[in-house]
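The values are calculated or read from the model by the stated rules, or taken from the named source; none is laboratory data. Everything numeric here is computed off the predicted structure, so don't read it as measured data. Ideal geometry is used to build each Cβ from the backbone, glycine not excepted, and the neighbour counts take in all protein chains shown. Only protein heavy atoms, including side chains, enter the accessible area calculation; ligands, DNA and RNA are left aside. Shrake-Rupley method; radii C 1.70, N 1.55, O 1.52, S 1.80 Å.
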Amino acid sequence: MEEHGNEGGGSETPQERGARPAGRSGGSFSEQRRAGSQHLPDGPPRPEQAGPPGAPRPVPCGRARRAYRSGLGACAQRGAEPLIAMESAEAEVSESRPEEDGAVPAGDLPLPEQPAATMEDCLAKKMEITVSEAEKRTGRNAMNMQETYTAYLIETRAVESQNEGQCSPVDSLWRRYSEFELLRNYLLVTYPHIVVPPLPEKRADFVWHKLSADNMDPDFVERRRIGLENFLLRVASHPVLCQDKIFYSFLTQEGGWKEMVNETGFQLKADSRLKALNATFRVKNPDKRFTELKHYSDELQSVISHLLRVRARVADRLYGVYKVHGNYGRVFSEWSAIEKEMGDGLQSAGHHMDVYAASIDDILEEEEHYADQLKEYLFYAEALRAVCRKHELMQYDLEMAAQDLTSKKQQCEELATGTVRTFSLKGMTSKLFGQETPEQREAKIKVLEEQIQEGEEQLKSKNLEGRDFVKSAWADIERFKEQKNHDLKEALISYAVMQISMCKKGIQVWTNAKECFSKM
């Protein structure tokens, strides 16, 4: 069923979980399957830069949590690195308006540096964050209808006390998926220049036919638990997002958190999709870099979608190949029962085939973790487009302000000289009913001059705001590209290594079977 907002569920310590009332929970998914958490780092330097990546790559199953623990400090340190310089990017800025209209090209004004957290200020350096458990529950929604949902246990622990040799207490609280959505929507509106990390999928997609697409399936819930933990770690390691007070309250304050978010009024600041679509089609001078970024995000989404579909088809075929080995094992075992001299050899060969066929479930489960890493960047494509849409809105507002200022200047000039350059209803009225008196013209000119002065100040403010946005957005986009290159490279290499290991096991199985046959 669809996830809904969290209306209750108090904080619990690990010792108190065993004493939960029976009616509160439908059973812990983690008791059925516990897999390690994943942490995807912020990414490595680009190929032309020297230096190792700042954080460990995501790895599946039990290795992930150990990798995260060892890489927590490195991830925090990477978040403290200075943002990428904009010299090369600003050199390509296209002029959005003639200078006489007040719209100055984006690269012409000095821009302040985007504030970034230092290593000491990074939340991932101060706090250990895990989503340790997923639990199925039943309750009533806002319509007083019974629903089944999944709650996730977020545990946090101060890192400073651990470094000092003290065992700090674990703070824990329960959150529902819709609360993670609310947090991300708040971050999208509050930080439009940031490529906000995506949430894991709400319902399974790109799955092979033997895998359940049910969003309450224990395996799917466990993978989503890992994805939600990865989302929190991404935000906590980001040099800007980690300093947000609402995010900190999300991790530490269960009661009243929703009210705190709603009090920020971020819903009123959100741009409507219709307005964004209008700006997309009506903007006259779009920034070439952001236009190319939209094409880049579309291509990224297309390539990863195709890769995931191919992987699902390969998984289906691979499953069939392994089950054929299971059939061989059954045939050899039954054959051994009617053979006296060859019985032992056939029995041993059948055993090797059975073991090989049974390993496919673990292999495909591990593959799903690599697929989830690809899906994260499939969803990152939409985060990139959100930044582009915001820039288009700002550019459109800038152009409208410049156009309005030009119109007012022309009206003021026409009143001052008494000439009308273009055909207008006002000009026809003047010819039919006579010219205005000097006093009336002076009053209108005075009003227009005030409006022109206000328009110039407004246009200057929009220009400065646009420069700040471009500066900050492009720095974060460069950071994202480094992160993407590193993560996808590591994920695909690990996937290839896993496939090589799987093929070696298949060769070994047939080698053992050959030895069994040779001893007959």
How do the peptides 230-237, 469-476, 455-462 rank, highest first, by the average count of neighbouring beta carbon atoms within 10 Å per residue? 230-237, 469-476, 455-462
Go through the stretch 331-345 residue by residue and turn each phi into a ³J(HN,Hα) via Karplus (6.51, -1.76, 1.60, θ = phi - 60°); whole Hz please, and just put x for glycine and proline. 5, 5, 5, 5, 5, 5, 6, 10, 10, 8, 6, 9, x, 5, x
Sequence ranges 383-392, 397-406, 311-320, 271-280, ranked by mean other-Cβ count within 10 angstrom, highest first: 383-392, 397-406, 311-320, 271-280
What whole-number distance in Å separates the alpha-carbon centres of the stretch 447-520 and the stretch 299-317? 16
Sequence order, the stretch 296-307: Karplus ³J(HN,Hα) from phi using 6.51 cos²θ - 1.76 cosθ + 1.60, θ = phi - 60°, Hz rounded, Gly and Pro as x, gives 4, 5, 5, 5, 4, 5, 5, 5, 5, 4, 5, 4
With every protein chain in place, the stretch 272-332: carbon and sulfur % of accessible area (1.4 Å): 59
Modelled label-to-label distance, F517 and K340, 7 Å Cα→beta-carbon offset: nm? 2.5
Leaving out ligands and nucleic acids, and using a 1.4 Å probe, what accessible area per residue does the stretch 259-409 come to in Å²? 53
At the level of C-alpha centres, the distance separating the stretch 322-345 and the stretch 252-296, in angstrom, is 63
Peptides 408-414, 149-155, 321-327 ordered by average Cβ neighbours within 10 Å, highest first: 149-155, 408-414, 321-327
Proximal lysines relative to K460, as straight alpha-carbon distance under 20 Å, when same-chain residues fewer than 8 apart are discounted: K284, K390, K408, K409, K471
